[in-house]
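Contents: one structure, followed by commentary.
The values are calculated or read from the model by the stated rules, or taken from the named source; none is laboratory data. Just so we're clear, the structure is a prediction, and the values are computed from it rather than from any experiment. With ideal geometry, Cβ positions are generated from the backbone for all residues, glycine too; neighbour counts draw on all protein chains shown.
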Amino acid sequence: MIIIGVDYHPEFQQIALLDKDSGEFQEKRLSHAEEAEQFYRGLAVMSQKVRVGMEASGHARWFERLLAELQMELWVRDAADIQSKRGRKQKTDRQDAQHILNLMLKDDFPRIWVPSWENRDLRQLLWHRHRMVQARTRIMNQLQAVAINEGLRCKKRLWRGGGRQQLESFRLARWASRRRQDLLELLDRLTPTIAELSQAIEQEAENCPEARRLRTHPGVGALTALAFVLIIGNVERFQCGKQVASYLGLVPLEKSSGNRRRLGHITKQGSSMLRFLLVEAAQVTVRSLPEWRGQYFRLLMRRGRKTAKVAMARRLAICLYWMWREGRDYEWRSVRTQDSPDQAMVCTRTPSN
C-alpha cells in the first residue's frame, strides 16, 4: 500500500510518499497539471492500493476527479485541524507534506464530509444566480444615483414604465449618457438570465423531497430550501441544532477564560450565501408569524436591528434542521426543544405524505 501526504497549491503540490510494503520513502514537487497527472497515472499502473491525504482546498476539483478516475482513495481533513496538530513553529511545504503523511500513518487523520459531484454542480447553480443578482443590484444602485443627481427620487418606481421613461429622457453629457445606456443594456440582459436561473432552481427544489419539506415553513422558498439541503448535505452529521448554527457561522465568537466570559460578533465560518438567504427568509417569517414577530421586536429593542435579524436567522436554521431530521412538515403550533429550553424554537410537525 502507498500512502501519500500532499501539500496542495494551485500551481504545484509537494508530496511525501511512503510505500508500506517496501519501506521506500520519496519526496517530490509536482507541477500542475501535466506532471502531476503523469505521476499518479504511473502509480495506478503498479496495481497497488494508493491512499492520498490533503487539506481541504477550494481549487482542487481536477485533482479529485483524477484520483476518482484512477480509483485512488482520497482523505480530506480540515486545514485548521491539521495545523493544530503541528508541534514545531517552522512551516515549509516539505514539512507540511511530511506532517500530513505522519498523521495518516498514526491513524490520526479524521476525514471531513465531502459533497458529491451532483451536490457541487447544483451549488454552482445557486452561486451563479446569487452573483448575478448581486451584479444586477450594483447596476440598479448606479442607475438610482444617476436619477437622484437629476432630481428624480422614486425608489422602486424607477423600474416601472413611467420611471424608466423618465430616466431615459434626461439630457446628460456625452459620457454620462453612454454610462446610462450601457447600464440599462446590462440590466436588460441580466433580468432574463436571473429569471431563467430562478426557474431552474424551482425545478430542482421540486425534485428534492427534503427541499419540498422545508418549503412548508413560512418564509422559506425554493432557493433557501435547496441551499440549506445542499450546504448541510447529510443531516445525520449533526447531533443538535446548536451544531448546525455553529456550522453556518451563526453563533458568537467566544474568548473566555476563568470567570471571565467574552462574546463577540458571529463567527461567519460557514457559507456566506446560506447565511444571507436565512436572514432574508427569516424576515419574511417574522412578517408571517405573530410569535416570531414578537420575539423579533423584543430583540430589536434590546440589542438592535442587526442582532435581531441574525437571531431570527439562527432560529430559522434550527427549525429547518429539526424538520429535516425528524422528517416532518411544518405545523403552526409551537413546542420547545432541547436547543432552546426557554423559548419555542421549533414547531410541531405533521407526517409528510
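Some points to look at:
- Condition check for ILE139: closer than 30 Å to ILE232 by Cβ and either loosely packed, with under 15 Cβ neighbours inside 10 Å or within 34 Å of the chain's Cα centre (by Cα) (or both): no
- Hits in region 47-69 (condition: assigned to a loop (DSSP other than H, G, I, E, B) and either touching a helix residue (DSSP H, G or I) at 6+ places or on another chain (Cβ under 6 Å) or in contact (Cβ under 8 Å) with a residue 12 or more places away in the chain (or both)): GLN48, LYS49, ALA56, SER57, HIS59, ALA60
- All of (1) part of a helix (DSSP H, G or I); (2) surrounded by 18 or more Cβ atoms within 10 Å (Cβ to Cβ); (3) under 16 Å from the mean Cα position of the chain (by Cα) hold for ALA205 with one exception: (3).
- No other residue among ARG123, ARG131 is in contact with a helix residue (DSSP H, G or I) (Cβ under 6 Å, 6 or more places away or on another chain) and within 29 Å of LEU226 (Cα to Cα) apart from ARG123.
- Selected residue (only one of ASP19, ASP78, ASP107, ASP7 is more than 28 Å from the chain's Cα centre (by Cα) and within 30 Å of ILE231 (Cβ to Cβ)): ASP107
- Each residue in region 112-128 was checked for being among the aliphatic types (A, V, I, L, M) and either within 20 Å of ALA68 (Cα to Cα) or in contact with a His (Cβ under 9 Å, 6 or more places away or on another chain) (or both), and 3 pass.
- Boolean, ALA195 is modelled with pLDDT of 95 or more, of a type in the set (Gly, Ala, Ser) and not assigned by TED's automatic domain parsing to the domain that holds SER288: yes
- Here THR267 fulfils each of the conditions (1) closer than 25 Å to SER116 by Cβ; (2) surrounded by fewer than 19 Cβ atoms within 10 Å (Cβ to Cβ); (3) of a type in the set (Ser, Thr, Tyr) apart from (1).
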